[in-house]
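Undergrad: First, the structure itself, so that you have it in front of you.
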Amino acid sequence: MDLTEIRNPEFLKEMSVSDLTLLAFDIRQFLIKSISKTGGHLASNLGVVELTIAMHVVFDSPRDKLFFDVGHQSYTHKILTGRAKEFSTLRQFHGLSGFQKRRESEHDVWEAGHSSTALSAALGMAVARDLRGEDYCIVPLIGDGAMGSGESLEALNQIGSEQRNMVIIFNDNNMSISTNVGALTRGFARLRSATAYNNLKTTMKESLIRTDFGKVMYHGMKNVKDAFKDSVIDRGIFGEFNLEYLGPVDGHNLRDLIRVLHVAREHDGPVVVHVITQKGRGYPLCEKDLKGSWHGVGPFNKDTGKPIHEIPPGFKSWSALVADTVTELADKDERVVAITPAMMFGSALDHFFAKYPERSFDCGIAEEHTMTFAASLALCGMRPFVSVYSSFLQRAYDQINHDVCRMDLPVLIGIDRAGLVGSDGETHHGVFDISILRPIPNLILAQPRNGQEARNMIFTAMHQNHPFALRYPRGEVNVEALTEMKLIPLKWEAVYAPKNPKAAVISYGPDVETIAQKMQVNEMPVLVIDARFFKPLDGECLKHIADLKVPVFLYETDMKAGGLSSAVLEYCCDNGISLPLHRYGIGDEYIQHGSAALLKKEAGFDLSVLYDDILKAVL
């Protein structure tokens with residue numbers, strides 16, 4: 001079937017199960033071929049092909065509200081709603097988003113790039129529907145990794161109380177990005193063993209709800225049915241939340257999926273449909289992956305599975321450099337522990353976990369708990385390192401503020417994927433953490449410009465007694481000339497300092513070295529400052545720059561509001577310093593997906609703009 005000819009999902013309702021099965025095969029081949037060229041979330045989408053088809057067969061989108069937690073599972077949904085012809089632009093600049101996007105289609109009714117929002121959103125839709133006297137189905141699909149998150153459990157608590165009509169599809173593959181952890185995971189495994197009972201219940205309900213008399217009989221039998229269930233199997237977490245439960249059902253058997261979803265559609269009140277799927281289904285390299293390597297991928301050779309763009313010799317990912325440095329410190333200090341909220345492989349902590357399993361903790365998708373857990377460890381004399389992506393860090397703001405910083409505890413927070421991250425777009429750009437964290441007392445906030453400075457900052461963080469947050473970007477860093485770690489002062493550093501400068505540039509991160517090299521090669525009379533500590537701010541350095549009486553260019557690749565330039569302006573205002581400051585950075589807007597270079601250019605602050613302005617100032 002030519003998938004690019006699909007305009008809407010209505011055609012599915014006229015297809016036989018055998019034809020739908022062939023369609024699922026075609027969609028998988030299309031996804032593998034297309035994502036191998038553009039990159040994207042492969043394994044998660046291969047796992048929900050039949051499930052998404054069945055959802056569109058049984059429900060009527062966009063009247064019925066179908067959405068996905070997280071939205072990166074929505075590729076088949078995009079194909080079935082008429083967007084296959086745009087897949088060559090997936091996650092590209094001004095192209096198709098890798099998540100659901102309301103501006104793309106009327107079939108996209110919710111947007112999320114972060115886990116665990118679907119159940120709260122579903123309840124909000126259900127309440128609004130009922131208050132407006134409307135009649136449609138609400139169908140969130142949520143994975144087992146997201147189900148254990150705090151927000152999901154909070155939502156389940158109210159859903160069980162409100163008893164509004166909705167069909168919650170529980171996609172169970174024992175994976176989030178990598179293998180799931182925790183007691184809830186073991187509870188879900190027990191639910192999988194209840195197949196015989198639940199098949200009987202589904203068949204009974206399917207038969208009885210066909211007539212009005214049957215519906216009365218079914219509801220009259222509910223107390224007997226529940227008592228029987230309590231006597232033969234564990235009610236499971238969903239029963240404890242007062243939710244009806246159907247399943248488990250094979251998530252790759254279209255006949256069974258369609259059957260159970262028809263039953264769920266007619267249910268009065270909230271019902272959970274437990275679906276067992278295989279992440280990476282149909283692509284052997286994905287099926288065997290337990291590390292999450294195929295969760296989100298760049299372009300790759302679909303025949304060999306090898307990435308098109310490999311890390312060059314002498315380089316590592318920033319994540320690996322930081323994780324390896326922490327591991328090196330742990331070799332000498334048994335107080336060092338590593339913690340991650342479900343990102344062990346993404347944060348390159350797998351080596352630490354393998355080497356020191358008793359000092360390694362994966363908390364699952366639970367950033368709030370993760371931070372308070374780390375605070376308590378620090379309070380008891382340990383030296384915790386918490387690795388978390390910048391875009392996920394904001395979910396733990398209260399715990400960083402209230403538990404870590406207020407008690408002034410020496411937790412090292414590794415803020416991975418800081419800055420513009422590219423193709424994942426506005427939900428994943430790590431551009432808010434400086435603005436969020438900078439006002440919090442006791443916190444040291446820093447970003448290194450190279451690998452050696454990163455090692456020195458980690459060493460410094462582990463040898464002082466305050467909260468320390470270290471930002472580092474996505475991408476690679478040169479590790480060829482690394483030396484022993486040493487303590488560094490909480491001061492800025494002049495990277496290029498010509499005599500009698502006619503201008504000054506203040507920046508941070510890898511851009512500092514790029515700017516300094518440009519100025520040095522061209523023998524430009526421009527002082528280049530590495531503002532490696534956002535907090536504490538280096539007031540002495542600022543006063544020195546102000547005394548030069550030259551134009552000052554502050555280049556940041558994060559939000560200007562609350563960022564480094566805001567900090568500089570605040571300091572100058574409070575200390576009566578006059579500084580002719582030119583600011584570059586992200587304004588009051590969300591930045592779309594695309595390469596970082598194109599995004600900076602469109603937003604008007606790529607380095608070429610900075611260089612042109614410097615030339616005008618010094619010539």
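The values are calculated or read from the model by the stated rules, or taken from the named source; none is laboratory data. This is a predicted model, so every value here is computed, not measured. No Cβ is skipped: glycine too gets one built from the backbone with ideal geometry, and neighbour counts run over all protein chains shown.
Undergrad: Select, from R235, R259, the only residue that is modelled with pLDDT of 60 or more and among the basic types (K, R).
TA: Every option except R259 fails the conditions.
Undergrad: Take H41 and tell me if it is farther than 30 Å from K288 by Cα and either touching a Lys or Arg at 6+ places or on another chain (Cβ under 6 Å) or crowded, with 18+ Cβ neighbours inside 10 Å (or both).
TA: In short, no.
Undergrad: When both residues are 6+ apart or on different chains and their Cβ atoms are under 6 Å apart, which pairs have a first residue that lies in segment 441-454 and is under 23 Å from A516 (Cα atoms) and free of Cβ contacts under 8 Å to residues at least 60 places away in the same chain, and a second that is part of a loop (DSSP other than H, G, I, E, B) and aliphatic (A, V, I, L, M)?
TA: From residues that are under 23 Å from A516 (Cα atoms) and free of Cβ contacts under 8 Å to residues at least 60 places away in the same chain, the pairs are Q452/L482.
Undergrad: Now for a different question. Is it the case that H402 is modelled with pLDDT of 95 or more and within 23 Å of the chain's Cα centre (by Cα)?
TA: Taking the combined requirement at face value, the residue does not satisfy it.
Undergrad: Let me ask another. State all residues of segment 603-614 that are in a helix (DSSP H, G or I) and either in contact (Cβ under 8 Å) with a residue 12 or more places away in the chain or under 22 Å from the mean Cα position of the chain (by Cα) (or both); if no residue qualifies, say none.
TA: Passing the criteria: A603, L607, V609, L610, Y611, D613, I614.
Undergrad: Follow-up question, since we're still on this one. Sort out which residues of segment 400-412 are assigned to a helix (DSSP H, G or I) and either aliphatic (A, V, I, L, M) or surrounded by fewer than 20 Cβ atoms within 10 Å (Cβ to Cβ) (or both), and write them in order of number.
TA: Hits for segment 400-412 are I400, N401, H402, V404.
Undergrad: May I pose another question? Find the residue count for segment 473-489, including only residues that are more than 22 Å from S317 (Cβ to Cβ) and either modelled with pLDDT under 95 or in contact with a helix residue (DSSP H, G or I) (Cβ under 8 Å, 6 or more places away or on another chain) (or both).
TA: Of the residues in that region, 3 qualify.
Undergrad: For residues that are among the basic types (K, R) and under 20 Å from the mean Cα position of the chain (by Cα), scanning just segment 265-309, find the one that is modelled with the lowest pLDDT.
TA: It comes out as K291.
Undergrad: How about segment 524-590: which strands (runs of 3 or more DSSP E) wholly inside it have at least 1 residues that are assigned by TED's automatic domain parsing to the domain that holds V505 and over 18 Å from P448 (Cα atoms)?
TA: 526-530, 552-559, 581-586
Undergrad: What is the residue count in segment 147-168 for residues that are assigned to a strand (DSSP E or B) and in contact with a Cys (Cβ under 8 Å, 6 or more places away or on another chain)?
TA: Residues in segment 147-168 being assigned to a strand (DSSP E or B) and in contact with a Cys (Cβ under 8 Å, 6 or more places away or on another chain): 2 in total.
Yes or no, residue by residue, for (1) surrounded by fewer than 17 Cβ atoms within 10 Å (Cβ to Cβ); (2) without any contact (Cβ under 8 Å) to a residue 24 or more places away in the chain; (3) touching a helix residue (DSSP H, G or I) at 6+ places or on another chain (Cβ under 9 Å):
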site: Q464; (1), (2), (3): yes, no, no
site: P467; (1), (2), (3): no, no, yes
site: R471; (1), (2), (3): no, no, yes
site: E513; (1), (2), (3): no, no, no
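Residue by residue, here is whether (1) touching a strand residue (DSSP E or B) at 6+ places or on another chain (Cβ under 7 Å); (2) more than 26 Å from A121 (Cβ to Cβ) holds:
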{"residue": "S16", "(1), (2)": "no, yes"}
{"residue": "V48", "(1), (2)": "yes, no"}
{"residue": "A54", "(1), (2)": "no, no"}
{"residue": "P62", "(1), (2)": "no, no"}
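Undergrad: Suppose we keep only residues that are surrounded by fewer than 19 Cβ atoms within 10 Å (Cβ to Cβ) and either touching a residue at least 40 places away in the same chain (Cβ under 8 Å) or of a type in the set (F, W, Y) (or both) within segment 521-540. Which one would you say is nearest to K616 (Cα to Cα)?
TA: Among residues in segment 521-540 that are surrounded by fewer than 19 Cβ atoms within 10 Å (Cβ to Cβ) and either touching a residue at least 40 places away in the same chain (Cβ under 8 Å) or of a type in the set (F, W, Y) (or both), the one nearest to K616 (Cα to Cα) is P525.
Undergrad: Moving to a separate point now. Looking only at residues in segment 566-605 that are modelled with pLDDT of 95 or more and among the acidic types (D, E), which one is farthest from D511 (Cα to Cα)?
TA: Within segment 566-605, the match that is farthest from D511 (Cα to Cα) is D574.
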